[in-house]
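Asks: Dumping the structure here so I can ask a few things about it.
The values are calculated or read from the model by the stated rules, or taken from the named source; none is laboratory data. Source: prediction; values computed, not measured. Here the Cβ positions follow ideal geometry from the backbone for every residue, glycine too, while neighbour counts run over all protein chains shown.
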Amino acid sequence: MSAEIRLRLTIDDPVPGVRYSLQQDDMPFAPVTAGDGPLGFDVPITLHDDGRMTGPFVRREGKVRRFVYIRIGQSAGDHDTPLNRRAKIDIHDIPAALLDQGRGGAVLEVGLPGRGKDGTPACATVRPVRAWRAVG
């Protein structure tokens, strides 16, 4: 039986004034402009009994890799900025024990860096600064 679980993608230090959004299908979803604190996105996904992850926010690459995009700047709908990026957040490697907790109602959260080495928004494949964990 499949179950809907909730992932929380928390950007610890987003660049203030920059617009961020999830990517649903191929469009920005619920864009927000970063302030001085962390920025979080709750992402519902469907977890199937065979371990597959699906849903309108889930992207796939090959047979195994599943990820969620966070759009940044122009790709999040802010056409007054030169920034045009996406951050790829892998979800296929969430430990099975945590996925079980997600099936039980826990929110699964990961902490993400908001900035690259040059101080601009982190993009491409973004590696967590805090590993996946069950909250709530």
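Asks: Out of region 1-41, which residues are farther than 16 Å from Gly73 by Cβ and in contact with a Ser or Thr (Cβ under 6 Å, 6 or more places away or on another chain)?
Replies: Matches in region 1-41: Ser2, Glu4, Pro38, Gly40.
Asks: Turning to a different aspect of this structure: Report yes if some residue within region 78-85 is surrounded by fewer than 19 Cβ atoms within 10 Å (Cβ to Cβ) and within 23 Å of Glu4 (Cα to Cα); otherwise report no. Give the steps one after another, and end with the answer.
Replies: From region 78-85, those surrounded by fewer than 19 Cβ atoms within 10 Å (Cβ to Cβ) are 79-84; that's our starting set.
Narrowing the set further to residues that are within 23 Å of Glu4 (Cα to Cα) leaves none.
No, region 78-85 contains no residue that is surrounded by fewer than 19 Cβ atoms within 10 Å (Cβ to Cβ) and within 23 Å of Glu4 (Cα to Cα).
Asks: Could you tell me whether any residue of region 114-128 is modelled with pLDDT of 95 or more, among the charged types (D, E, K, R), within 21 Å of Arg6 (Cα to Cα) and out of contact with any Asp or Glu (no Cβ under 6 Å at 6 or more places or on another chain)?
Replies: Within region 114-128, one or more residues are modelled with pLDDT of 95 or more, among the charged types (D, E, K, R), within 21 Å of Arg6 (Cα to Cα) and out of contact with any Asp or Glu (no Cβ under 6 Å at 6 or more places or on another chain).
Asks: Contact list please: Cβ distance under 7 Å, first residue in region 120-136 and on the phi > 0 side of the Ramachandran plot, second residue modelled with pLDDT of 95 or more and part of a loop (DSSP other than H, G, I, E, B), pairs at least six apart or on different chains.
Replies: If the second residue must be modelled with pLDDT of 95 or more and part of a loop (DSSP other than H, G, I, E, B), the pairs left are Gly136/Ala106.
Asks: When the residues of region 3-23 are narrowed to those that are over 12 Å from Leu112 (Cβ atoms) and outside any loop (DSSP other than H, G, I, E, B), which ends up nearest to the chain's Cα centre (by Cα)?
Replies: So the residue we want is Leu22.
Asks: Please go through region 102-136 and pick out each residue that is assigned to a loop (DSSP other than H, G, I, E, B), closer than 17 Å to Ala87 by Cα and aliphatic (A, V, I, L, M).
Replies: Within region 102-136, Ala122, Val126, Val129 qualify.
Asks: Taking interchain pairs and intrachain pairs at least six residues apart, which have beta carbon atoms under 7 angstrom, with the first residue in region 18-31 and without any contact (Cβ under 8 Å) to a residue 12 or more places away in the chain and the second not acidic (Asp, Glu)?
Replies: Ala30/Ser21; Ala30/Leu22
Asks: Continuing with the same structure: For region 73-95, give me each residue that is without any contact (Cβ under 8 Å) to a residue 24 or more places away in the chain and within 26 Å of Arg133 (Cβ to Cβ).
Replies: First, the residues of region 73-95 that are without any contact (Cβ under 8 Å) to a residue 24 or more places away in the chain: 74, 79-80, 82, 84, 93.
Result: Asp93, single match.
Asks: For region 27-77, enumerate the residues that are farther than 17 Å from Arg115 by Cβ and part of a loop (DSSP other than H, G, I, E, B).
Replies: Across region 27-77, the qualifying residues are His48, Asp49, Asp50, Gly51, Arg52, Gly55, Pro56, Phe57, Gly62, Lys63, Val64, Gly77.
Asks: Can you tell me how many residues in region 70-108 are among the aliphatic types (A, V, I, L, M) and over 17 Å from the mean Cα position of the chain (by Cα)?
Replies: 3
Asks: Let me ask something else about it. Just name the residue that is nearest to Asp13 (Cα to Cα) out of those in region 37-66 that are touching a residue at least 40 places away in the same chain (Cβ under 8 Å) and crowded, with 18+ Cβ neighbours inside 10 Å.
Replies: So, considering only residues that are touching a residue at least 40 places away in the same chain (Cβ under 8 Å) and crowded, with 18+ Cβ neighbours inside 10 Å, the one nearest to Asp13 (Cα to Cα) is Leu39.
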